[in-house]
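**Student:** One structure coming up, written as C-alpha cells, with questions to follow.
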Amino acid sequence: MKMIKIALVDPDRRFAEEIERMLEERTDIELTAPALDLNQALMLIETQHPQVLIIGPGIGSDISTVFVKKLTAEHPIGCIVLTFNLTDRLKVAAIKANVVEAIEVPVEPEKIIAAIQTAAGYAQQLTVKEDVVVSDHKCTVITVFSTKGGVGKTVLSTNIATSIAQRTDYKVVLVDLDLQFGDVGIAMGLSPDRTMLEFADHLVGIDDEKIDELLVKHESGVNVLLAPKNPESADLISGECVGSIMSVLKNYADFIIVDTPASFNDNVLAVLDATDEICIVLTMDMPGVKNIKLCLRTLGDLRYSREKQRLVVNRVESNVGLKVSEIEKVLGMRSIARIESDKAVPLAVNKGVPVVVDAPKLPVSKELEDLALFYVSKYQPDWVDLRKTS
C-alpha cells in the first residue's frame, strides 16, 4: 500500500486536531506537523515533500486559491481547500487555480479521505507532466464542444479531422474525449483495440514511435485516440492525465481535433486549457439556443477568450420557425459555418464512414470541408492542397 503524505494548514489548531481524528485509523496516510500559516506550509512542502496539502477554512478562500495556483506551478502537489461557504464563484475560482477539490465544512470523514486520494492522484499526474518534453513544434488544437447532447459534435469532429488529413500533408490526431459513451470509433468504422487507457499507461518517456503504436490509424490518414471500451473505465482517467496526454500529442501532431461530452467536467477543462479554437455546435431549436447561451456565459466565467470561440450551426433547415440570423442575434455571435441537414449524414455514420468520404460531392460535405479548411488556412496559411497537386 503506497503511503500518502499530507500537510495541513490553518491558524486554528483545532482544525488539524479534527482532521487527525478523522484519519487516525488510516495506515496509508501520514500527517506532517500542522502549519499555522501559508509561509509555514510552504516550508513544510519544500522540506518534507507531501503529496497533498489541505488548506483549512481559517486561511480564507480567496487567499487559498491564489496560493494554490502559484504552488502547483512549482510543486507536484494536490491541494484541497476547505471553506465555510462554497459559492459558485469559489467553485469557478478553484477550478482555474488547480484546486483538486473545494469542500464546505463541516465535512464527513469519507469525503475528506476520498478527496485526499484524488489529490494524491493529481500530484502523481503532475509528476508525470514534468517528464513531458516540450518542443517548439506548433500544433493547433480544435475542440468541438456543446453543452447540449445530440447536436452532431461527433459528425463535425470526424469530418473536420478527415478533411484536413485528406486535403493536406499535416499530421492529424482525433481524440474521443467522451470517455463513457464516445462514438468516434463507430462513426469512423474503427475497432477499439487500443484506447486512451493504454495511452495513459505509457505517458512517461513516450516517443513518436510508441504514439504511432497506440493510436488507431484510419484509412483517411487520421490518427485516432479512442475512448475506453467500457463506460466504467472513464473514472480511471483524470483531468490531469488528459492534460498530460494533450501535452504529448501537441509535440506529435500538427492538428488535434477533440470530440467532447456535453459537460464542463475536469477532462473537458483540461482540453480547453490546451485549445486554440473552441468550435461551439448548436442546432436550430430554442432549447439548444438557451443551452448555448449559458455555455457561452460559463466559458466567459472560466476566462476562456471569446476570440477562441467559433459558432457552428448544424442541421440547418428553413422550415423550423427559426432563422440562423435570429440565433446569432440572441447569442451575440456570428456563425462561421452553417451545415445543412441531409439524410446522407446519418447514412454515412451508420456505415462507419465520414460523409466527406462517403458522399464527397454533396453540399453538406462541401460545407464540412470548408469548415475544416477555415482552420487550416488560419493556422497554416501556406498550406498545400493535395487535391490540386495530385
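Coordinate-derived values only; no laboratory data. These figures come from a predicted structure and were not determined experimentally. So basically every Cβ, Gly included, is an ideal-geometry build from the backbone, and we count neighbours across all protein chains shown.
**Student:** Sort Phe199, Phe145, Phe84 by Cβ crowding within 10 Å, fewest neighbours at the top.
**Tutor:** Fewest-to-most Cβ neighbours within 10 Å comes out as Phe84, Phe199, Phe145.
**Student:** Related question: Of Ala33, Ile19, Ile54, which is farthest along the charge dipole of region 4-130 in the positive direction, counting Lys and Arg as +1 and Asp and Glu as -1 at C-beta?
**Tutor:** Ile54
**Student:** So, in nm, how far is label Ser191 from label Arg14 when the simple model puts each one 7 Å beyond its Cα toward the Cβ?
**Tutor:** Taking the two extended label points, one gets 6.4 nm.
**Student:** Quick one: which residues, 5 or more positions from Glu30 or on another chain, have an amide H under 5 Å from its amide H? H modelled 1.01 Å from N in the peptide plane, none for Pro or chain starts.
**Tutor:** Ile4, Lys5, Ile6
**Student:** Considering only Gln309, Met286, Val271, whose Cα is most displaced toward the positive end of the charge dipole of region 264-321, charges sitting on Cβ of Lys, Arg (+1) and Asp, Glu (-1)?
**Tutor:** Towards the positive end, the residue furthest out is Met286.
**Student:** Under Stokes-Einstein, with the Kirkwood radius over Cα pairs standing in for Rh, what whole-number D in µm²/s applies to region 249-314 at 4 °C and 1.567 mPa s?
**Tutor:** Rounded to a whole number, D works out at 100 µm²/s.
**Student:** Please turn the phi angles of region 175-192 into ³J(HN,Hα) values with the Karplus equation 6.51 cos²θ - 1.76 cosθ + 1.60 (θ = phi - 60°), one per residue in order, whole Hz, x for glycine and proline.
**Tutor:** Working through the residues one at a time gives 10, 8, 8, 7, 5, 8, 10, x, 10, 4, x, 5, 5, 9, x, 10, 8, x Hz.
**Student:** Taking the Cα centre of region 140-389 as origin, sum charge times position over the Cβ atoms of Lys and Arg (+1) and Asp and Glu (-1), and report the length of that vector in debye to the nearest 20.
**Tutor:** Roughly 1140 debye, rounded to the nearest 20.
**Student:** Once every DSSP H run of n ≥ 4 in the chain is given -39500 (n - 2.57) and the sum is divided by its residues, what mean residue ellipticity at 222 nm do you get, rounded to the nearest 500 deg cm²/dmol?
**Tutor:** Here the helix-only value at 222 nm equals -13500 deg cm²/dmol.
**Student:** Using amide H atoms built in the peptide plane, which far-off residues or other-chain residues are under 5 Å from Val353 H to H?
**Tutor:** Residues meeting the amide H criterion: none.
**Student:** Right, here's the next one. For Ser220, Ser377, what's the fewest-to-most ordering of other Cβ within 10 Å of each Cβ?
**Tutor:** Fewest-to-most Cβ neighbours within 10 Å comes out as Ser377, Ser220.
**Student:** Starting at the first residue of region 22-35, write each ³J(HN,Hα) from the Karplus equation 6.51 cos²θ - 1.76 cosθ + 1.60 with θ = phi - 60°, in whole Hz, x for Gly and Pro.
**Tutor:** 5, 9, 4, 9, 8, 8, 9, 10, 10, 9, 7, 5, x, 9
**Student:** Right, something else. In debye, nearest 20: dipole of region 193-282 around its Cα centre with unit charges on the Cβ of K, R (+) and D, E (-)?
**Tutor:** The calculation lands at about 140 debye.
**Student:** Still on this model: Relative to the Cα centre, what is the charge dipole magnitude of region 1-48, using +1 at the beta carbon of each Lys and Arg, -1 at the beta carbon of each Asp and Glu, and rounding to the nearest 20 debye?
**Tutor:** Computed about the Cα centre, the dipole is about 120 debye.
**Student:** Given a cut-off of 37 Å, what percent of all Cα-Cα pairs of the chain lie beyond it?
**Tutor:** 29 percent
**Student:** At 0.36 nm per residue, minus the direct Cα-Cα distance, what do Ser325 and Asn39 gain on full extension? Give it in nm, one decimal, please.
**Tutor:** Separation in residues times 0.36 nm, less the Cα-Cα distance, equals 97.4 nm.
**Student:** Using +1 at the C-beta of Lys and Arg and -1 at the C-beta of Asp and Glu, which of Asn223, Ala161, Cys241 has the Cα lying farthest in the positive direction of the dipole of region 139-248?
**Tutor:** Going by the Cα projections, it comes out as Ala161.
**Student:** Mind ordering 309-319, 20-30, 293-303 by average Cβ neighbours within 10 Å, highest first?
**Tutor:** Peptide ranking by packing, descending: 309-319, 293-303, 20-30.
**Student:** Express the relative contact order of the chain as a whole percentage, based on alpha carbon pairs under 8 Å and six or more residues apart in sequence.
**Tutor:** Rounded, it is 16 percent for the chain.
**Student:** Which value, in Å³ per residue, describes the convex hull spanned by the Cα atoms of region 74-199?
**Tutor:** With only Cα atoms used, region 74-199 gives 180 Å³ per residue.
**Student:** Hey, another quick one. Just grab the label-to-label distance for Asn350 and Glu104, each label 7 Å out from Cα along the Cβ direction, in nm (one decimal).
**Tutor:** 4.9 nm
**Student:** Turning to a different aspect of this structure: If r is the Cβ-Cβ distance from Ile336 to Met3 and R0 is 51 Å, what FRET efficiency results, to the nearest 0.05?
**Tutor:** According to the calculation, E is roughly 0.45.
**Student:** Further, regarding this structure: Measure up Lys69/Lys293; Lys366/Lys388; Lys323/Lys343 against 18 Å on the Cα-Cα distance and list the ones that go over.
**Tutor:** Lys69/Lys293; Lys323/Lys343
**Student:** Could you tell me what % of all Cα pairs in region 12-72 have separations over 20 Å?
**Tutor:** 27 percent
**Student:** Of Lys171/Lys210; Lys111/Lys229; Lys111/Lys148; Lys91/Lys138; Lys308/Lys378; Lys148/Lys308, which ones are farther than 21 Å apart at the Cα?
**Tutor:** Pairs exceeding 21 Å: Lys111/Lys229; Lys111/Lys148; Lys91/Lys138.
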